[in-house]
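Down below is the structure, laid out as structure tokens.
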Amino acid sequence: MRLRAGRRGVSLREVGLVLLAVTAISGVVARRLAPSGTKAGAAVCEGNVARINMAIEKWFFDKGRWPAADLSDIGRDRAYFPNGIPRCPVTREPYRMDPQCHRVRRHSH
Ligand SMILES: [Zn+2]
């Protein structure tokens, strides 16, 4: 019984570590794809949206509540965004979370 409870804790921690690793890797990929044009910028934007949505899910997993719709709280937390929350490379607009579905929607630019 005790072993089972321990295993469960480890697997939840592993899920968190994997999410963190994927978030870090996609951040490196996003920086390598420096926006040289609208198409490249749109690809970076898509990567940003995916990365932010993963961070939102991890935040909920860690804290049991969703971050603010303007992402001000999660954006300040260096554990989630060590370099601050990215902006859209095409429009330079900040990303916002849809409070209904708790996700950042993809941009149509
Ligand atoms: Zn965008």
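The values are calculated or read from the model by the stated rules, or taken from the named source; none is laboratory data. Remember, it's a predicted structure, so these values are computed and weren't measured experimentally. Backbone-built Cβ (ideal geometry, glycine too); neighbour counts: all protein chains shown.
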Has segment 76-83 got at least one residue that is at pLDDT 90 or above, exposed (fewer than 15 other Cβ atoms within 10 Å of the Cβ) and of a type in the set (D, E)?
-> no
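Here is a yes/no grid of residues against (1) surrounded by 14 or more Cβ atoms within 10 Å (Cβ to Cβ); (2) among the charged types (D, E, K, R):
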{"site": "V15", "(1), (2)": "no, no"}
{"site": "V18", "(1), (2)": "no, no"}
{"site": "R65", "(1), (2)": "no, yes"}
{"site": "D73", "(1), (2)": "yes, yes"}
{"site": "P99", "(1), (2)": "no, no"}
{"site": "V104", "(1), (2)": "yes, no"}
Inter-residue pairs, beta-carbon under 7 Å, first in contact (Cβ under 8 Å) with a residue 12 or more places away in the chain and under 20 Å from P89 (Cβ atoms) and in segment 47-65, second surrounded by 14 or more Cβ atoms within 10 Å (Cβ to Cβ) and small (G, A, S), 6+ apart = G47/S26; G47/A30; N48/A30; A50/S26; R51/S26; R51/G27; R51/A30
Residue in segment 87-102 that is farthest from the ligand (Cβ to nearest atom), counting only those that are part of a strand (DSSP E or B) and under 18 Å from G27 (Cα atoms) | P94
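With the structure loaded, tell me whether N53 is among the polar types (S, T, N, Q), surrounded by 14 or more Cβ atoms within 10 Å (Cβ to Cβ) and either under 17 Å from L20 (Cβ atoms) or more than 11 Å from the chain's Cα centre (by Cα) (or both) or whether it fails that test. Steps first, answer last, please.
Working: among the polar types (S, T, N, Q): yes; surrounded by 14 or more Cβ atoms within 10 Å (Cβ to Cβ): yes; either under 17 Å from L20 (Cβ atoms) or more than 11 Å from the chain's Cα centre (by Cα) (or both): yes.
Yes, satisfied.
Residue-wise test of (1) out of contact with any Leu (no Cβ under 8 Å at 6 or more places or on another chain); (2) of a type in the set (V, I, T); (3) in a loop (DSSP other than H, G, I, E, B); (4) away from the ligand (no atom under 16 Å from the Cβ).
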| site | (1), (2), (3), (4) |
| --- | --- |
| N53 | yes, no, no, no |
| R65 | yes, no, yes, yes |
| I74 | yes, yes, no, yes |
| Y80 | yes, no, yes, yes |
| I85 | no, yes, yes, no |
| H109 | yes, no, yes, no |
Looking at this structure, is N48 of a type in the set (S, T, N, Q) and within 16 Å of the ligand (Cβ to nearest atom)?
-> yes
